[in-house]
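S.K.: Mind looking over this structure? Questions follow.
The values are calculated or read from the model by the stated rules, or taken from the named source; none is laboratory data. Just so it is clear, the structure is predicted and the values come from calculations on it, not from any experiment. Methodologically, a virtual Cβ is constructed for each residue, glycine included, from the backbone with ideal geometry; neighbour enumeration extends over all protein chains shown. We work out accessible area using only protein heavy atoms, side chains counted, and drop any ligands, DNA or RNA first. Shrake-Rupley method; radii C 1.70, N 1.55, O 1.52, S 1.80 Å.
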Amino acid sequence: MTLREAIEAIARHMPEVRRPAKKLGLGERLTWTALVLVIYTLMGHTFLYGVPQAASIAARNPIILNIIFAQRVGTLTTLGIGPIVTAGLILQLLVGAELIKLDLSKPEDRAVFTAASKVFTLIVIIFEAAVFTVSGMLGRLSPNVQVLVFLQLVAATILIMLMDELIQKGWGLGSGVSLFIAAGVAENILTSLFSPIMLPDGYYQGIILAMIQAAASGAPVQDLFFRGQYPDLLGLMSTLALLFLIIYLESVRIEVPIQYARVSGYVAKYPIKFLYVSNIPVIFASTLFTNIYFFSNIIWSRFNPTNTNSMLNMIGMFNATETGVYPIGGLAYYLTSPYTLAGAMRDPIRALIYAAVMIAFCVVFAKFWVEVGGLSPSHVADQLVKAGMQVPGFRRAPGVIARIIERYIGVVTILGAIIVALIAVFGDYFNAYGGGIGILLMTGILYQYYELLVRERLTEMYPGLAKLLGER
C-alpha cells in the first residue's frame, strides 16, 4: 500500500462533515456561522475539568497565542486552531517545494491534500495534547487527571476541526480558522474598550469607561495617556490609525494596461493589489515564532527550569512568576514581541532584533508564497493569455507578459511584506489593542468577509452570475 492509499484509507474512517445537498441561502449560512462562533466563544470560557488553576493559566496566556492560534490555555480551546494551522502550513510548504508531488489544480489531488491535512492535523492534536498534559504547562497533575485532561483536549480540538470543516464545506461563510482569529482579536479590543474591571490605578480597565470616569471626577486625561500594560489613550489612537491605514492599503491597486487580442482599441486594466500577498507573510512568520516559543517553553519546563544548561539557554530562558512564565533570554526571547512601548524601551536591542527578524522572514515568506500560491508572474501571464488578453504593444506570449508583470509583482511583493511586518511590529510597540499582528489579521479577515458577503448577495440577486462565476 502506497502512502497516498494509506492516507485515503485513514481519512475514510475519520469523522467528516458532508456538504449540504443544495446550496444554502445567505441567511442560513450566516446562521450556521454565528452558531459556530458562539460555540467556539463558549469553549474559550469553559475551563478544563480537573485543572484547579485553569483560570489563572488562562489569564496569563501569551498574547501571541491568543491571536495566531485563537487559543486560551486552561480552557477547551487550549490548543485552539494551532494543530490545523501548523499541519496545513507544513503540508502547503511541502507541496510548494515539490517534496510531495501533488497538482492542486486536479480535483483528485486536492482531495488527497484535504485528506492528508485531516490526518496530519489529528496527529498534531494528539501530540500537542500529550505535551500540554505531561509538560507541566497546566500545572502538576496526577496520572488519572492527566488522562482526563488529554481526552478533553483531543475531543475539544477535533470539534474545532469539524467546525472549521463545516464552515468551509458550504454550511457557513469563509473559513473557521479566519473566523476564530478575527473573533479572538475583536474580543480583545472590546475588552480593552469597555471592560468594567477596576485596576490598581483606580480606573476601569476599559479605556472608554476610564475616560468617562476621569471626566466625571475631574481627573486629568493625561493620566490615561500611558498606562503600561493596561489599555490607554496611546493604544486607542494607534488602534484607530492602524485600522484606517490597513483599510486604505487594502484598497490600493497598481493597474497594468491590457487589451483583448481580437478587439483592437479596447484597453482594460489588470489590477495588482499593493498588499499583493495580503497578511500571509505575517501569518507564516508569526506561526513559526509561536511554535518556537511553544516548544522552547516545553523544553525549559522539562529539562532546564533553573536556566543552568548553557546549551538549552540558547533556545530559551524563562522566568516563572505569579502572573505567568516570561522569556528572559535565548531565541524565544528575541522572537517574542515586547508587546508594549514600555517593553520596547526597556530593551531596545530586543525590539530592534525582533523587528528586523520579522521583516526578513515576512519578505522571505512573501516571495515563497508568490511562487507556490499561484501568484507568480508566469502563472498570471498564463491566465491572461488563456483569457485572450495581451499587453498593448507587446507580443501575446506568456514569457513576454510575465517579464512585464514581474516589474510590478516583484516590487509590490517586497514592499507589501515590509509594510505588513512594520504594521505588526509597531502596532505592538504602540500598545494597539489586540496587538499589531491581531489588528492586521482581523482587518484583513473582515475585509475578505465584506467582499464575500457582497459576492454572495450578488449571486443571490442574479442567479445567472453564479453560473458565470462557476458556483453551484
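S.K.: Going by Cα centres, segment 318-379 and segment 17-56 are how many Å apart?
M.R.: If you average the Cα positions of each part, the centres end up 30 Å apart.
S.K.: Quick one: what are the phi-derived ³J(HN,Hα) couplings along segment 443-457, Karplus 6.51/-1.76/1.60 with θ = phi - 60°, whole Hz, x for glycine and proline?
M.R.: 5, x, 5, 5, 5, 5, 5, 4, 5, 5, 5, 4, 4, 5, 5
S.K.: Further, regarding this structure: At a probe radius of 1.4 Å, what is the per-residue accessible area of THR306, in Å² to the nearest 10?
M.R.: 100
S.K.: From the list [x] -0.31, -0.69; [y] -0.24, -0.55; [z] -0.42, -0.74, can you say which value of log10 I(q)/I(0) by the Debye sum over Cα atoms at q = 0.06, 0.09 Å⁻¹ was derived from the structure given?
M.R.: From the options [x] -0.31, -0.69; [y] -0.24, -0.55; [z] -0.42, -0.74, the structure gives [x].
S.K.: Ignoring everything but the protein chains, give the 1.4 Å probe accessible area of VAL73 in square angstrom, nearest 10.
M.R.: Surface open to solvent at VAL73 totals about 10 Å².
S.K.: With a 1.4 Å probe and all protein chains kept in place, how much accessible area does SER310 have, in Å² rounded to the nearest 10?
M.R.: About 80 Å², rounded to the nearest 10.
S.K.: Next up: Tell me, what is the Rg over Rh of segment 300-374, with Rh the Kirkwood radius over Cα pairs? If you can, show how the numbers build up before the last one.
M.R.: Values: Rg = 15.6 Å, Rh = 14.1 Å.
Ratio of gyration radius to Kirkwood radius: 1.10.
S.K.: Before rounding to the nearest 500, sum -39500 (n - 2.57) across all DSSP H runs of length at least 4 in the chain and divide by the residue total; then give [θ] at 222 nm in deg cm²/dmol.
M.R.: Numbers: 19 runs with 295 residues, N = 472.
After summing the helix terms and dividing by the residues of the chain, the value is -20500 deg cm²/dmol.
S.K.: Let me ask something additional. Which cross-chain or sequence-distant (5 or more) residues have an amide H under 5 Å from the amide H of GLY329, H modelled 1.01 Å from N in plane?
M.R.: MET317
S.K.: Another question, then. ³J(HN,Hα) across segment 342-348 via Karplus (A = 6.51, B = -1.76, C = 1.60, θ = phi - 60°), whole Hz, x for Gly/Pro?
M.R.: 5, x, 5, 6, 5, 9, x
S.K.: Take the alpha-carbon centre of segment 163-202, take the same for segment 214-238, and report the distance between them in whole Å.
M.R.: 24
S.K.: So what are the ³J(HN,Hα) numbers for segment 112-122, from phi and the Karplus equation (6.51, -1.76, 1.60; θ = phi - 60°), rounded to whole Hz, Gly and Pro as x?
M.R.: Computed from phi, the couplings for segment 112-122 are 5, 4, 4, 5, 5, 4, 5, 5, 5, 4, 4 Hz.
S.K.: Determine the order of ASP347, ASP428 by accessible area, beginning with the largest, at a probe radius of 1.4 Å.
M.R.: So the residues, ranked largest to smallest area, are ASP347, ASP428.
S.K.: Using just the Cα positions, wrap segment 147-272 in a convex hull and report its mean projected area in square nanometres, one decimal place. Mind showing how you got there, number by number?
M.R.: Working: hull surface 61.7 nm².
In nm², the orientation-averaged hull projection of segment 147-272 is 15.4.
S.K.: Restricting to Cα pairs below 8 Å that are 6+ residues apart, what does the relative contact order work out to for segment 313-435? Please round to a whole percent. Can you show the working numbers first?
M.R.: Working: 123 pairs, mean separation 33.1, N = 123.
Relative contact order here is 27 percent.
S.K.: Grab the Cα-Cα distance for ASP223 and LEU422, subtract it from 0.36 nm times how many residues apart they are, and report the gain in nm with one decimal. Write out the running numbers ahead of the final one.
M.R.: Working: separation 199, 0.36 × 199 = 71.64 nm, distance 2.83 nm.
Going from the current span to full extension adds 68.8 nm.
S.K.: Working with all protein chains in place, sort MET317, MET161 by solvent-accessible area computed with a 1.4 Å probe, largest first. Please report the intermediate quantities before stating the final value.
M.R.: On the way: MET317 50, MET161 15 Å².
Ranking MET317, MET161 by accessible area, largest first, yields MET317, MET161.
S.K.: Within a Cβ distance under 13 Å of GLY434, other residues only, what is the Lys/Arg minus Asp/Glu net charge? Don't skip to the answer; put the middle values down first.
M.R.: Values: positive: none; negative: GLU187, ASP428.
Once all neighbours under 13 Å are counted, the net charge is -2.
S.K.: Amide H of THR75: which non-local residues (sequence gap of 5 or more, or other chain) have their own amide H closer than 5 Å, using H built in the peptide plane?
M.R.: Close amide H contacts, sequence-distant or interchain: LEU48.
S.K.: For helix 82-96, what angle does its Cα long axis make with the longest principal axis of the chain, in degrees from 0 to 90 and rounded to 10?
M.R.: 40
S.K.: Still on this model: What is the Cα centroid distance between segment 425-445 and segment 68-94, reported in whole angstrom?
M.R.: 19
S.K.: Could I ask something else about it? Extending each Cα 7 Å along its Cβ direction at LYS386 and PHE295, get the distance between those two points in nm, one decimal.
M.R.: Between LYS386 and PHE295, the simple spin-label model gives 3.7 nm.
S.K.: Compute the length gained on full extension between GLU371 and THR308: take 0.36 nm times their separation in residues and subtract their Cα-Cα distance, giving the result in nm to one decimal.
M.R.: Details: separation 63, 0.36 × 63 = 22.68 nm, distance 4.36 nm.
Length gained, GLU371 through THR308: 18.3 nm.
S.K.: Right, another one. What area, in nm² and to one decimal, does the C-alpha convex hull of segment 114-204 cast on average over all directions?
M.R.: Numbers: hull surface 35.3 nm².
Mean orientational projected area (segment 114-204, Cα hull): 8.8 nm².
S.K.: Accessible area, 1.4 Å probe, largest first: how do LEU42, LEU453 sort? Could you put the intermediate results ahead of the total?
M.R.: Numbers: LEU42 110, LEU453 65 Å².
Final ranking, largest accessible area leading: LEU42, LEU453.
S.K.: Treating the angle as unsigned and between 0 and 90°, give the value, to the nearest 10°, between the Cα long axis of helix 233-251 and the longest Cα principal axis of the chain.
M.R.: For 233-251 against the chain, the angle is about 10 degrees.
S.K.: Explain nothing, just the number: relative contact order of the chain, from Cα pairs under 8 Å at least 6 residues apart, as a whole percent. Please list the in-between numbers first.
M.R.: Numbers: 653 pairs, mean separation 78.6, N = 472.
It comes to 17 percent, rounded to a whole number.
S.K.: A further question on this structure: Could you give the angle, 0 to 90 degrees to the nearest 10, between helix 176-194's Cα long axis and the longest principal axis of the Cα atoms of the chain?
M.R.: The angle comes out at about 50 degrees.
S.K.: Another question about this same structure. Check which residues have an amide H placed less than 5 Å from GLY80's amide H, if you skip close sequence neighbours.
M.R.: Close amide H contacts, sequence-distant or interchain: ARG72.
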